[in-house]
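Peer 1: Sharing a structure below in structure tokens format, with a few things to ask.
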């Protein structure tokens, strides 16, 4: 049975949300059409103690304001001036924590593309936003109530052994302690793990 994720889901501890998001579905509505993807990779950011977080030491700016919203709001920003990154705020209001959606597996009906090519459409955070057609206009969007984008649970049970835990990517600037924390989570796929960037 399909159901939209509630506010209570996003206000759990951030590390729990990051893992529980695996196997959930992102729904993006454009007119009468929907783009759907199964979440297969996430990263947790726990500011202000997390040196890799944009809200480290409680830093609050116009850019990261959405991180301080109660769990369930979109925090989206550009990297390298060209790639949007989709994050969802977690935990309580005023606590700047979030989960980065690093990869989804698009669900495309009647596609002529091979499964391996479909998976490559959104196998990185920048590709996720490009596939779902997300940009700055989604900043602060509430996925609990939004009619444009939301997340659903389709009843798929994810067992602990199906989750791969690794270090986060591209945060060496945060120092060895934080860059080595295994706060990146991937949904195990026996057919594709060897081709994904796991370290």
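Coordinate-derived values only; no laboratory data. Everything numeric in this text was worked out from a predicted model, so none of it was measured. Here the Cβ is made from the backbone with ideal geometry for all residues, glycine too, and neighbour counts use every protein chain on show.
Peer 1: Cα extents of the stretch 3-195 along the three principal axes, largest first, in whole Å?
Peer 2: 48, 37, 34
Peer 1: Which order do the peptides 46-56, 174-184 come out in when sorted by mean C-beta neighbours inside 10 angstrom, highest first?
Peer 2: Details: 46-56: 19.7, 174-184: 15.6.
Packing proxy ranking, top to bottom: 46-56, 174-184.
Peer 1: Let me ask something else about it. Compute the FRET efficiency between residue 34 and residue 158 as 1/(1 + (r/R0)^6), taking r as their Cβ-Cβ distance and R0 = 22 Å, and round to the nearest 0.05. Can you show the working numbers first?
Peer 2: Details: r = 23 Å, r/R0 = 1.03.
The computed FRET efficiency comes out at 0.45.
Peer 1: For the chain, modelled as a Gaussian network with Cα springs under 10 Å, which listed residue fluctuates most, 14, 145, 90?
Peer 2: 145
Peer 1: In the stretch 89-198, what is the volume of the convex hull around the alpha carbon atoms, normalised per residue and reported in Å³?
Peer 2: Working: hull volume 18.5 nm³, N = 110.
Per residue, the Cα convex hull of the stretch 89-198 comes to 168 Å³.
Peer 1: Sticking with this structure for a sec: Roughly how far apart, in whole Å, are the Cα centres of the stretch 20-90 and the stretch 154-173?
Peer 2: 16
Peer 1: Using label points projected 7 Å from each Cα along Cα→Cβ, tell me how many nm separate residue 92 and residue 165, to one decimal.
Peer 2: Between residue 92 and residue 165, the simple spin-label model gives 2.4 nm.
Peer 1: 222 nm [θ] for the chain, helices only, -39500 (n - 2.57) per DSSP H run of 4+, per residue, to 500?
Peer 2: Numbers: 5 runs with 28 residues, N = 199.
Using -39500 (n - 2.57) per qualifying helix, the result is -3000 deg cm²/dmol.
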